[in-house]
Amino acid sequence: MLRASPDVREAARDEAAVGKVVRSVLASNGMRAPAALHPSAVAAASTVQSGRRPALDEGAERWHAERWHAEGWHLEAVATRAGLEPAHPAPHLIRSADRALAALPAGADRTGGARVAPWRGTERAVLDDSCTLLADRWPQMLAELRACVVQVALLEGSAIDGFTDFATHGAIYINRARLGTSPRGLPGPVRCAEALVHEGTHTRCNAAQLSTPFLTTEAGDTAPVRTPLRPDPRPLAGLFQQAVVLARCAALYERLLADGTTSGTDGTAPAVPALGSPVALALASRRDRLSSGARQAIDALYERPALLTGHGRAVLGECDDLLRPIAA
């Protein structure tokens, strides 16, 4: 069950439910899956469900061994999940990026591409700083992210800023540009922390809605709607996820402004930005933009009360609570 505020116990329950489904799909096709849910296992289950492997017969076990190793799944070797691990460009991640690129709306600029790239040492340091920042300013969020995000894949190319894909549930994809200082002065670790919260919240919503839907079945028949984050109309479920994502990201910046922000890569405690400093102004500007988008999404959903479940209305109320200190 999703909460607008992070909740590691609920996240773990929902991840366990996803894992149960994945293991059931694989087991029904004679395949072994690790005890710990991993994006490669989800990718394997997705492939099986799509009918892209032969029926289990006397030659299927050989296909299993040869194909799975060729695809880089190696499920038997996946025993643990530390969470938020920088991921190498494995086949299941590469295929996901290719699908995301192909799924861009008509008219989108695909020329820059979107490729899964290896992590550089400096980029790993930024990711570590982002986790240190979250541990210091919002430890509950970091705990939830570690419960539902196994791999962090790095994208290069200008076509996609970031995304999640339920076919590789547990992996999030972040453009390496989001690890550097922004033109308006947002530090790289802050931008990366926002990206982790943003994409991790999509992952959280994807798992939670399997057991406790936010929208009624009728919502799936409604026309796509305009949303704060996308130029193309999106299904109502996408608008709901954006409301939660934006509210959480705005709350992150409110915490940074109240308690301080990071300034280096040495793992030290973040320093409080001076009132009126360029960093503080950049933080406030980003917070206000995110808060405005969240309010837009929440208001649009409140206009469609018949399409919200009781749980969906409760989550929107919690998003309101997250935004209230910003409005004050």
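The values are calculated or read from the model by the stated rules, or taken from the named source; none is laboratory data. Since the structure is predicted, the reported quantities are computational estimates derived from the model, not experimental observations. FYI the Cβ positions are ideal-geometry reconstructions off the backbone, even for glycines, and counts take in every protein chain you see. Remember, those area values only see protein heavy atoms, side chains included, never the ligands or the DNA or RNA. Shrake-Rupley method; radii C 1.70, N 1.55, O 1.52, S 1.80 Å.
Residue 32 versus (1) modelled with pLDDT of 70 or more; (2) under 30 Å from residue 241 (Cα atoms); (3) among the basic types (Lys, Arg): which is the lone unmet condition?
(2)
Mind checking whether some residue in the stretch 182-195 is in contact (Cβ under 8 Å) with a residue 24 or more places away in the chain, outside any loop (DSSP other than H, G, I, E, B) and open to solvent by 30 Å² or more (accessible area, probe 1.4 Å)?
No, there is no match, as no residue in the stretch 182-195 is in contact (Cβ under 8 Å) with a residue 24 or more places away in the chain, outside any loop (DSSP other than H, G, I, E, B) and open to solvent by 30 Å² or more (accessible area, probe 1.4 Å).
In the stretch 218-260, which residues are touching a strand residue (DSSP E or B) at 6+ places or on another chain (Cβ under 9 Å) and among the charged types (D, E, K, R)?
Matches in the stretch 218-260: 226, 234.
Quickly run through the stretch 206-240 and pick out the residues that are buried (at least 22 other Cβ atoms within 10 Å of the Cβ) and either out of contact with any Cys (no Cβ under 7 Å at 6 or more places or on another chain) or within 21 Å of residue 295 (Cα to Cα) (or both).
Within the stretch 206-240, 208, 214, 227, 236, 239, 240 meet the criteria.
For the subset of the stretch 1-12 comprising residues that are in contact (Cβ under 8 Å) with a residue 24 or more places away in the chain and in a helix (DSSP H, G or I), which member is nearest to the chain's Cα centre (by Cα)?
Looking at the filtered set, the residue picked out is 11.
Does at least one position in the stretch 313-321 carry a residue that is among the basic types (Lys, Arg), buried (at least 20 other Cβ atoms within 10 Å of the Cβ), in a helix (DSSP H, G or I) and modelled with pLDDT of 95 or more?
Step one: list which residues in the stretch 313-321 are among the basic types (Lys, Arg), which gives 313.
With the extra rule that they be buried (at least 20 other Cβ atoms within 10 Å of the Cβ), the set shrinks to none.
No, the stretch 313-321 contains no residue that is among the basic types (Lys, Arg), buried (at least 20 other Cβ atoms within 10 Å of the Cβ), in a helix (DSSP H, G or I) and modelled with pLDDT of 95 or more.
What is the residue count in the stretch 274-305 for residues that are part of a helix (DSSP H, G or I), surrounded by fewer than 16 Cβ atoms within 10 Å (Cβ to Cβ) and among the aliphatic types (A, V, I, L, M)?
So the answer is 1.
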